[in-house]
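Engineer: Structure provided below as C-alpha coordinates; questions to follow.
The values are calculated or read from the model by the stated rules, or taken from the named source; none is laboratory data. Computed from a predicted model, the values in this text were never measured in an experiment. Heads up, the Cβs are rebuilt from the backbone with ideal geometry, glycines too, and the neighbour counts pull from every protein chain shown. Areas reflect the complete protein model, heavy atoms only, side chains present, ligands, DNA and RNA absent. Shrake-Rupley method; radii C 1.70, N 1.55, O 1.52, S 1.80 Å.
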Amino acid sequence: MADIPSLETLRTQIERIDEDVLDALQRRMALADDVARAKLVTAWPFRDPQREDLLLRKLRGRAADRGLDPHEVERLYRVILDMSVARQQALVTRLDTTPLRVGYLGVEGSYSHLAARQRYGQRPGGVLLTGFDTARQAVEALKQSEQDVLLLPIENTTAGSMNETYDVLAAGDAVITGEVVSQVDHRLLGVKGSKLEDLREVLSHPQALAQCEDFLSTHVPRARAVPGPDTAIAAQMVADRNDPTVAAIASESAAGRFGLVVLASDLQPGSDFTRFVEVSRQPTPLAPDVPCKTSLLVVLEHRPGALGQVLQRLTQRGVNLSKLESRPIPGSPWKYRFYLDVEGHAASAAVTAALEDLRPLTSSLRVLGTYPRAEPIDG
(Lines give C-alpha, C1' and ligand atoms only; values in the text may rest on other atoms or scores of the structure.)
Protein backbone atom coordinates (compact mmCIF):
# COMPACT_ATOMS: atom_id res chain seq x y z
CA MET A 1 0.00 0.00 0.00
CA ALA A 2 1.46 3.35 -1.06
CA ASP A 3 2.34 5.82 1.61
CA ILE A 4 -0.54 8.19 2.33
CA PRO A 5 0.46 11.82 2.98
CA SER A 6 -0.22 13.06 6.46
CA LEU A 7 -3.46 14.86 7.15
CA GLU A 8 -1.51 18.05 7.78
CA THR A 9 0.17 17.78 4.38
CA LEU A 10 -3.16 17.19 2.65
CA ARG A 11 -4.70 20.17 4.41
CA THR A 12 -1.79 22.35 3.35
CA GLN A 13 -2.26 21.29 -0.25
CA ILE A 14 -6.00 22.07 -0.06
CA GLU A 15 -5.27 25.50 1.42
CA ARG A 16 -2.91 26.23 -1.47
CA ILE A 17 -5.63 25.24 -3.92
CA ASP A 18 -8.08 27.45 -2.01
CA GLU A 19 -5.63 30.35 -2.42
CA ASP A 20 -5.52 29.63 -6.15
CA VAL A 21 -9.31 29.58 -6.27
CA LEU A 22 -9.50 32.91 -4.43
CA ASP A 23 -6.86 34.43 -6.72
CA ALA A 24 -8.84 33.25 -9.75
CA LEU A 25 -12.04 34.67 -8.24
CA GLN A 26 -10.26 37.97 -7.61
CA ARG A 27 -9.15 38.08 -11.24
CA ARG A 28 -12.69 37.27 -12.35
CA MET A 29 -14.13 40.11 -10.26
CA ALA A 30 -11.50 42.51 -11.63
CA LEU A 31 -12.59 41.54 -15.13
CA ALA A 32 -16.19 42.22 -14.05
CA ASP A 33 -15.24 45.88 -13.61
CA ASP A 34 -13.91 45.99 -17.18
CA VAL A 35 -16.99 44.15 -18.43
CA ALA A 36 -19.20 46.73 -16.70
CA ARG A 37 -17.36 49.60 -18.40
CA ALA A 38 -17.61 47.87 -21.77
CA LYS A 39 -21.34 47.25 -21.29
CA LEU A 40 -21.95 50.89 -20.39
CA VAL A 41 -20.11 52.08 -23.48
CA THR A 42 -21.80 49.66 -25.88
CA ALA A 43 -25.25 49.66 -24.20
CA TRP A 44 -25.38 45.99 -23.20
CA PRO A 45 -27.53 44.91 -20.25
CA PHE A 46 -25.80 44.08 -16.96
CA ARG A 47 -28.01 41.07 -16.39
CA ASP A 48 -29.38 38.73 -19.01
CA PRO A 49 -31.04 35.56 -17.66
CA GLN A 50 -30.94 33.86 -21.07
CA ARG A 51 -27.18 34.36 -21.41
CA GLU A 52 -26.64 33.13 -17.84
CA ASP A 53 -28.69 30.00 -18.52
CA LEU A 54 -26.59 29.29 -21.60
CA LEU A 55 -23.39 29.65 -19.55
CA LEU A 56 -24.72 27.41 -16.79
CA ARG A 57 -25.63 24.69 -19.29
CA LYS A 58 -22.07 24.72 -20.62
CA LEU A 59 -20.63 24.60 -17.08
CA ARG A 60 -22.81 21.64 -16.14
CA GLY A 61 -21.43 19.70 -19.09
CA ARG A 62 -17.83 20.62 -18.27
CA ALA A 63 -18.38 19.68 -14.64
CA ALA A 64 -19.71 16.25 -15.63
CA ASP A 65 -16.68 15.71 -17.89
CA ARG A 66 -14.47 16.27 -14.84
CA GLY A 67 -16.40 13.91 -12.58
CA LEU A 68 -17.97 16.77 -10.60
CA ASP A 69 -21.59 17.03 -9.52
CA PRO A 70 -23.10 19.34 -12.23
CA HIS A 71 -25.92 20.49 -9.94
CA GLU A 72 -23.56 21.59 -7.18
CA VAL A 73 -21.31 23.32 -9.73
CA GLU A 74 -24.35 25.17 -11.09
CA ARG A 75 -25.29 26.24 -7.55
CA LEU A 76 -21.76 27.53 -6.98
CA TYR A 77 -21.68 29.46 -10.26
CA ARG A 78 -25.05 31.06 -9.62
CA VAL A 79 -23.47 32.62 -6.53
CA ILE A 80 -20.45 33.71 -8.59
CA LEU A 81 -22.71 35.27 -11.23
CA ASP A 82 -24.60 37.14 -8.51
CA MET A 83 -21.27 38.42 -7.17
CA SER A 84 -20.21 39.50 -10.67
CA VAL A 85 -23.43 41.40 -11.38
CA ALA A 86 -23.31 43.06 -7.95
CA ARG A 87 -19.72 44.10 -8.68
CA GLN A 88 -20.75 45.58 -12.03
CA GLN A 89 -23.65 47.47 -10.50
CA ALA A 90 -21.45 48.78 -7.69
CA LEU A 91 -19.12 50.26 -10.30
CA VAL A 92 -21.94 52.52 -11.46
CA THR A 93 -22.01 54.28 -8.09
CA ARG A 94 -18.26 54.94 -8.32
CA LEU A 95 -18.36 56.59 -11.74
CA ASP A 96 -17.97 60.33 -12.15
CA THR A 97 -21.07 60.37 -14.35
CA THR A 98 -24.20 58.33 -13.82
CA PRO A 99 -25.22 56.06 -16.72
CA LEU A 100 -28.64 56.39 -18.25
CA ARG A 101 -30.97 53.54 -17.29
CA VAL A 102 -32.83 52.45 -20.40
CA GLY A 103 -35.60 49.86 -20.54
CA TYR A 104 -36.44 47.97 -23.73
CA LEU A 105 -38.64 45.03 -24.70
CA GLY A 106 -37.28 41.51 -25.02
CA VAL A 107 -33.80 40.15 -24.42
CA GLU A 108 -30.33 40.68 -25.81
CA GLY A 109 -30.44 40.21 -29.57
CA SER A 110 -34.04 41.40 -29.94
CA TYR A 111 -34.78 44.22 -32.36
CA SER A 112 -35.67 46.50 -29.45
CA HIS A 113 -32.29 45.77 -27.88
CA LEU A 114 -30.51 46.49 -31.17
CA ALA A 115 -32.42 49.78 -31.52
CA ALA A 116 -31.48 50.76 -27.95
CA ARG A 117 -27.83 50.09 -28.71
CA GLN A 118 -28.13 52.12 -31.89
CA ARG A 119 -29.58 55.11 -30.04
CA TYR A 120 -27.62 55.07 -26.78
CA GLY A 121 -24.51 52.98 -27.43
CA GLN A 122 -21.99 55.84 -27.53
CA ARG A 123 -23.60 58.05 -24.89
CA PRO A 124 -21.01 59.78 -22.66
CA GLY A 125 -21.34 58.41 -19.15
CA GLY A 126 -22.61 55.06 -20.37
CA VAL A 127 -25.93 53.27 -20.49
CA LEU A 128 -27.48 50.54 -18.36
CA LEU A 129 -29.92 48.47 -20.43
CA THR A 130 -32.70 46.34 -18.92
CA GLY A 131 -35.05 44.10 -20.89
CA PHE A 132 -38.75 43.72 -20.04
CA ASP A 133 -41.33 41.19 -21.18
CA THR A 134 -44.10 43.74 -21.75
CA ALA A 135 -44.55 47.48 -22.20
CA ARG A 136 -46.71 47.56 -19.07
CA GLN A 137 -43.91 46.11 -16.96
CA ALA A 138 -41.47 48.62 -18.42
CA VAL A 139 -43.75 51.58 -17.72
CA GLU A 140 -44.29 50.36 -14.16
CA ALA A 141 -40.51 50.33 -13.65
CA LEU A 142 -40.39 53.86 -15.05
CA LYS A 143 -43.11 54.96 -12.60
CA GLN A 144 -41.11 53.47 -9.71
CA SER A 145 -37.99 55.43 -10.83
CA GLU A 146 -36.18 52.16 -11.60
CA GLN A 147 -35.64 53.32 -15.21
CA ASP A 148 -34.82 56.75 -16.62
CA VAL A 149 -36.23 56.21 -20.11
CA LEU A 150 -37.85 53.45 -22.14
CA LEU A 151 -37.54 52.65 -25.84
CA LEU A 152 -40.78 51.07 -27.03
CA PRO A 153 -41.78 49.94 -30.55
CA ILE A 154 -44.87 51.75 -31.75
CA GLU A 155 -45.29 50.96 -35.47
CA ASN A 156 -43.85 48.92 -38.30
CA THR A 157 -44.00 49.70 -42.01
CA THR A 158 -45.26 46.19 -42.83
CA ALA A 159 -47.25 44.96 -39.83
CA GLY A 160 -48.66 48.28 -38.63
CA SER A 161 -49.07 49.61 -35.11
CA MET A 162 -47.99 48.05 -31.81
CA ASN A 163 -51.21 48.42 -29.84
CA GLU A 164 -49.74 47.71 -26.41
CA THR A 165 -47.50 50.77 -26.66
CA TYR A 166 -50.45 52.99 -27.56
CA ASP A 167 -52.44 51.57 -24.65
CA VAL A 168 -49.73 52.22 -22.05
CA LEU A 169 -49.31 55.78 -23.32
CA ALA A 170 -53.02 56.32 -22.69
CA ALA A 171 -52.53 55.54 -19.00
CA GLY A 172 -50.85 58.93 -18.55
CA ASP A 173 -47.80 57.77 -16.59
CA ALA A 174 -45.21 58.84 -19.18
CA VAL A 175 -44.56 61.21 -22.07
CA ILE A 176 -42.82 60.74 -25.41
CA THR A 177 -39.43 62.47 -25.54
CA GLY A 178 -37.93 61.06 -28.74
CA GLU A 179 -38.19 58.63 -31.60
CA VAL A 180 -35.86 56.44 -33.63
CA VAL A 181 -36.47 54.50 -36.83
CA SER A 182 -34.59 51.23 -37.20
CA GLN A 183 -34.45 48.89 -40.17
CA VAL A 184 -35.71 45.37 -39.54
CA ASP A 185 -33.83 42.64 -41.39
CA HIS A 186 -35.33 39.28 -40.51
CA ARG A 187 -33.59 35.94 -40.88
CA LEU A 188 -35.04 32.44 -40.68
CA LEU A 189 -32.92 30.61 -38.11
CA GLY A 190 -32.58 26.92 -37.31
CA VAL A 191 -30.23 24.40 -35.80
CA LYS A 192 -27.47 22.87 -37.88
CA GLY A 193 -28.88 20.36 -40.35
CA SER A 194 -32.28 22.05 -40.68
CA LYS A 195 -33.83 22.31 -44.15
CA LEU A 196 -36.71 24.49 -45.34
CA GLU A 197 -38.67 21.51 -46.66
CA ASP A 198 -38.52 19.79 -43.24
CA LEU A 199 -39.80 22.70 -41.15
CA ARG A 200 -43.07 22.18 -39.28
CA GLU A 201 -43.03 25.14 -36.87
CA VAL A 202 -41.77 28.73 -37.14
CA LEU A 203 -41.58 30.69 -33.88
CA SER A 204 -41.42 34.48 -33.54
CA HIS A 205 -43.15 37.62 -32.31
CA PRO A 206 -46.60 38.06 -33.93
CA GLN A 207 -45.41 41.21 -35.70
CA ALA A 208 -42.46 39.37 -37.26
CA LEU A 209 -44.70 36.51 -38.36
CA ALA A 210 -47.04 39.02 -39.99
CA GLN A 211 -44.14 40.78 -41.71
CA CYS A 212 -42.93 37.49 -43.21
CA GLU A 213 -46.32 35.94 -43.96
CA ASP A 214 -45.81 35.89 -47.74
CA PHE A 215 -42.41 34.20 -47.45
CA LEU A 216 -43.72 31.56 -45.04
CA SER A 217 -46.76 30.69 -47.16
CA THR A 218 -44.59 30.40 -50.28
CA HIS A 219 -41.43 28.69 -49.03
CA VAL A 220 -42.49 26.74 -45.91
CA PRO A 221 -46.24 26.18 -46.43
CA ARG A 222 -46.27 23.10 -44.18
CA ALA A 223 -44.86 24.99 -41.20
CA ARG A 224 -47.20 26.31 -38.50
CA ALA A 225 -46.59 29.89 -37.31
CA VAL A 226 -46.23 29.93 -33.51
CA PRO A 227 -46.39 33.41 -31.90
CA GLY A 228 -44.28 34.25 -28.86
CA PRO A 229 -43.23 37.25 -26.77
CA ASP A 230 -40.03 38.17 -28.61
CA THR A 231 -37.93 37.29 -31.67
CA ALA A 232 -34.77 36.62 -29.67
CA ILE A 233 -36.66 34.44 -27.18
CA ALA A 234 -37.98 32.46 -30.16
CA ALA A 235 -34.38 31.93 -31.31
CA GLN A 236 -33.41 30.73 -27.84
CA MET A 237 -36.33 28.28 -27.81
CA VAL A 238 -35.20 26.82 -31.13
CA ALA A 239 -31.67 26.40 -29.78
CA ASP A 240 -33.00 24.75 -26.60
CA ARG A 241 -35.24 22.34 -28.46
CA ASN A 242 -32.48 21.39 -30.95
CA ASP A 243 -35.15 20.15 -33.34
CA PRO A 244 -34.40 20.46 -37.10
CA THR A 245 -38.13 20.82 -37.84
CA VAL A 246 -38.43 24.03 -35.79
CA ALA A 247 -37.14 27.46 -36.83
CA ALA A 248 -37.38 31.06 -35.65
CA ILE A 249 -37.66 34.45 -37.31
CA ALA A 250 -35.16 36.74 -35.62
CA SER A 251 -32.10 38.90 -36.22
CA GLU A 252 -28.71 37.72 -37.41
CA SER A 253 -27.41 38.90 -34.03
CA ALA A 254 -29.71 36.37 -32.34
CA ALA A 255 -28.34 33.63 -34.61
CA GLY A 256 -24.80 34.30 -33.42
CA ARG A 257 -25.82 34.52 -29.83
CA PHE A 258 -27.68 31.19 -29.70
CA GLY A 259 -25.51 29.22 -32.10
CA LEU A 260 -28.10 28.95 -34.88
CA VAL A 261 -27.61 28.96 -38.65
CA VAL A 262 -29.34 31.23 -41.15
CA LEU A 263 -31.71 29.16 -43.28
CA ALA A 264 -33.06 32.06 -45.36
CA SER A 265 -32.73 35.84 -45.74
CA ASP A 266 -34.83 38.51 -47.45
CA LEU A 267 -38.02 37.37 -45.72
CA GLN A 268 -39.87 40.68 -46.06
CA PRO A 269 -41.30 42.24 -49.21
CA GLY A 270 -38.97 45.23 -49.67
CA SER A 271 -37.43 47.36 -46.94
CA ASP A 272 -38.99 47.12 -43.50
CA PHE A 273 -38.65 49.63 -40.66
CA THR A 274 -39.82 49.89 -37.08
CA ARG A 275 -40.42 53.19 -35.33
CA PHE A 276 -39.57 53.32 -31.62
CA VAL A 277 -40.57 56.05 -29.18
CA GLU A 278 -38.48 57.12 -26.22
CA VAL A 279 -40.67 57.46 -23.14
CA SER A 280 -39.80 59.36 -19.95
CA ARG A 281 -41.50 60.60 -16.81
CA GLN A 282 -41.05 64.26 -17.75
CA PRO A 283 -40.85 66.13 -21.08
CA THR A 284 -37.47 67.24 -22.41
CA PRO A 285 -36.89 70.88 -23.42
CA LEU A 286 -36.16 71.39 -27.12
CA ALA A 287 -34.19 74.07 -28.90
CA PRO A 288 -36.43 76.31 -31.05
CA ASP A 289 -34.77 75.32 -34.32
CA VAL A 290 -35.11 71.54 -33.88
CA PRO A 291 -37.55 69.91 -36.35
CA CYS A 292 -40.05 68.24 -34.06
CA LYS A 293 -43.24 66.27 -33.84
CA THR A 294 -46.09 66.35 -31.33
CA SER A 295 -48.21 63.33 -30.38
CA LEU A 296 -51.78 63.83 -29.19
CA LEU A 297 -54.40 61.66 -27.52
CA VAL A 298 -57.96 62.67 -28.35
CA VAL A 299 -61.37 61.35 -27.32
CA LEU A 300 -64.04 62.89 -29.56
CA GLU A 301 -67.50 64.05 -28.67
CA HIS A 302 -69.98 61.44 -29.86
CA ARG A 303 -71.50 63.27 -32.80
CA PRO A 304 -71.46 62.85 -36.59
CA GLY A 305 -68.53 64.31 -38.46
CA ALA A 306 -66.38 65.05 -35.39
CA LEU A 307 -63.27 63.33 -36.77
CA GLY A 308 -63.68 65.07 -40.12
CA GLN A 309 -63.90 68.42 -38.36
CA VAL A 310 -60.70 67.65 -36.44
CA LEU A 311 -58.83 66.97 -39.65
CA GLN A 312 -60.30 70.05 -41.30
CA ARG A 313 -59.25 72.35 -38.47
CA LEU A 314 -55.70 71.02 -38.50
CA THR A 315 -55.58 71.75 -42.23
CA GLN A 316 -56.94 75.25 -41.72
CA ARG A 317 -54.16 75.99 -39.25
CA GLY A 318 -51.51 74.63 -41.60
CA VAL A 319 -50.62 71.75 -39.25
CA ASN A 320 -49.52 68.60 -41.07
CA LEU A 321 -50.95 65.32 -39.76
CA SER A 322 -48.41 62.49 -40.13
CA LYS A 323 -50.18 59.65 -38.26
CA LEU A 324 -53.72 58.81 -37.16
CA GLU A 325 -54.46 55.72 -35.05
CA SER A 326 -57.60 54.60 -33.22
CA ARG A 327 -57.87 52.27 -30.22
CA PRO A 328 -60.99 51.09 -28.33
CA ILE A 329 -61.56 52.52 -24.87
CA PRO A 330 -61.66 49.67 -22.28
CA GLY A 331 -65.07 49.42 -20.63
CA SER A 332 -66.74 51.66 -23.21
CA PRO A 333 -67.98 49.52 -26.11
CA TRP A 334 -67.72 51.12 -29.56
CA LYS A 335 -65.95 54.19 -28.24
CA TYR A 336 -62.42 55.01 -29.35
CA ARG A 337 -59.37 57.04 -28.54
CA PHE A 338 -57.50 58.67 -31.41
CA TYR A 339 -53.74 59.09 -31.47
CA LEU A 340 -52.47 61.84 -33.74
CA ASP A 341 -48.91 62.76 -34.71
CA VAL A 342 -48.57 66.28 -36.07
CA GLU A 343 -45.51 68.17 -37.25
CA GLY A 344 -44.42 71.06 -35.04
CA HIS A 345 -43.96 71.93 -31.37
CA ALA A 346 -46.95 71.87 -29.05
CA ALA A 347 -46.03 75.41 -27.96
CA SER A 348 -45.76 76.79 -31.50
CA ALA A 349 -48.35 79.29 -32.63
CA ALA A 350 -49.87 77.02 -35.29
CA VAL A 351 -50.18 73.90 -33.07
CA THR A 352 -51.39 75.91 -30.06
CA ALA A 353 -54.11 77.51 -32.15
CA ALA A 354 -55.07 74.14 -33.65
CA LEU A 355 -55.39 72.57 -30.19
CA GLU A 356 -57.71 75.39 -29.09
CA ASP A 357 -59.80 74.77 -32.21
CA LEU A 358 -60.01 71.06 -31.41
CA ARG A 359 -61.03 71.25 -27.77
CA PRO A 360 -64.74 71.97 -28.41
CA LEU A 361 -64.86 68.78 -30.52
CA THR A 362 -63.37 66.55 -27.83
CA SER A 363 -64.26 65.20 -24.42
CA SER A 364 -60.53 64.76 -23.74
CA LEU A 365 -57.39 66.11 -25.39
CA ARG A 366 -53.89 65.46 -24.09
CA VAL A 367 -50.43 66.15 -25.43
CA LEU A 368 -48.41 62.92 -25.19
CA GLY A 369 -45.15 64.70 -25.95
CA THR A 370 -43.18 66.96 -28.25
CA TYR A 371 -39.86 65.53 -29.41
CA PRO A 372 -37.24 65.76 -32.17
CA ARG A 373 -38.48 64.24 -35.41
CA ALA A 374 -36.47 61.27 -36.66
CA GLU A 375 -34.89 61.72 -40.05
CA PRO A 376 -37.07 60.09 -42.72
CA ILE A 377 -35.69 56.91 -44.26
CA ASP A 378 -36.46 56.02 -47.83
CA GLY A 379 -37.74 52.46 -48.14
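Engineer: Can you go through Arg327, Arg303 and tell me which one is part of a loop (DSSP other than H, G, I, E, B) and either open to solvent by less than 40 Å² (accessible area, probe 1.4 Å) or at pLDDT below 95 (or both)?
Structural biologist: Within the list Arg327, Arg303, the selection yields Arg303.
Engineer: Take the residues of segment 150-165 that are closer than 17 Å to Gln137 by Cβ and open to solvent by 10 Å² or more (accessible area, probe 1.4 Å): which is modelled with the highest pLDDT?
Structural biologist: Ranking the candidates gives Pro153 first.
Engineer: Can you tell me which of Glu155, Glu179 is over 21 Å from Leu209 (Cβ atoms) and in contact (Cβ under 8 Å) with a residue 12 or more places away in the chain? I'd like the intermediate steps shown before the answer.
Structural biologist: Working: Glu155 fails: over 21 Å from Leu209 (Cβ atoms).
Exactly one of Glu155, Glu179 is over 21 Å from Leu209 (Cβ atoms) and in contact (Cβ under 8 Å) with a residue 12 or more places away in the chain, namely Glu179.
Engineer: For residues that are in contact with a helix residue (DSSP H, G or I) (Cβ under 8 Å, 6 or more places away or on another chain) and either surrounded by 14 or more Cβ atoms within 10 Å (Cβ to Cβ) or at positive phi (or both), tally how many sit in segment 56-79.
Structural biologist: 8
Engineer: Let me ask something else about it. Could you check Val238 against (1) hydrophobic (A, V, I, L, M, F, W, C); (2) open to solvent by 20 Å² or more (accessible area, probe 1.4 Å); (3) modelled with pLDDT of 95 or more and say which number it fails?
Structural biologist: With respect to (1) hydrophobic (A, V, I, L, M, F, W, C); (2) open to solvent by 20 Å² or more (accessible area, probe 1.4 Å); (3) modelled with pLDDT of 95 or more, Val238 is out only on (2).
Engineer: Ok, one more. Can you say whether Asp82 is of a type in the set (D, E, K, R) and part of a loop (DSSP other than H, G, I, E, B), as far as the supplied structure shows? Even if it seems obvious, please write down each step before you answer.
Structural biologist: Numbers: of a type in the set (D, E, K, R): yes; part of a loop (DSSP other than H, G, I, E, B): no.
In short, no.
Engineer: Okay, moving on. Identify, by number, the condition in (1) of a type in the set (Gly, Ala, Ser); (2) part of a helix (DSSP H, G or I); (3) within 25 Å of Ala32 (Cα to Cα); (4) open to solvent by less than 30 Å² (accessible area, probe 1.4 Å) that Ala138 doesn't meet.
Structural biologist: It is condition (3) that Ala138 fails.
Engineer: Within segment 288-296, is even one residue touching a residue at least 24 places away in the same chain (Cβ under 8 Å), of a type in the set (Asp, Glu) and open to solvent by 70 Å² or more (accessible area, probe 1.4 Å)?
Structural biologist: no
Engineer: Where residues in segment 80-103 are among the basic types (Lys, Arg) and under 30 Å from Thr177 (Cβ atoms), which of them is most open to solvent (accessible area, probe 1.4 Å)?
Structural biologist: Among residues in segment 80-103 that are among the basic types (Lys, Arg) and under 30 Å from Thr177 (Cβ atoms), the one most open to solvent (accessible area, probe 1.4 Å) is Arg94.
Engineer: Could I ask something else about it? In segment 113-135, what residues are open to solvent by 70 Å² or more (accessible area, probe 1.4 Å) and closer than 18 Å to Val35 by Cα?
Structural biologist: Scanning segment 113-135 gives Arg117, Gln122, Arg123, Pro124.
Engineer: Taking only segment 306-324 into account, find how many residues are under 18 Å from Ile176 (Cβ atoms) and either acidic (Asp, Glu) or assigned to a loop (DSSP other than H, G, I, E, B) (or both).
Structural biologist: The qualifying residues number 2.
Engineer: Taking Asp341 and the conditions (1) part of a loop (DSSP other than H, G, I, E, B); (2) within 24 Å of Thr284 (Cα to Cα), which numbered condition does it fall short on, given that it satisfies the others?
Structural biologist: Checking Asp341 against (1) part of a loop (DSSP other than H, G, I, E, B); (2) within 24 Å of Thr284 (Cα to Cα), the one that fails is (1).
Engineer: Moving to a separate point now. All but one of (1) touching a residue at least 40 places away in the same chain (Cβ under 8 Å); (2) more than 22 Å from Leu25 (Cβ to Cβ) hold for Arg51, so report the exception by its number.
Structural biologist: If we test Arg51 against (1) touching a residue at least 40 places away in the same chain (Cβ under 8 Å); (2) more than 22 Å from Leu25 (Cβ to Cβ), just (2) comes out false.
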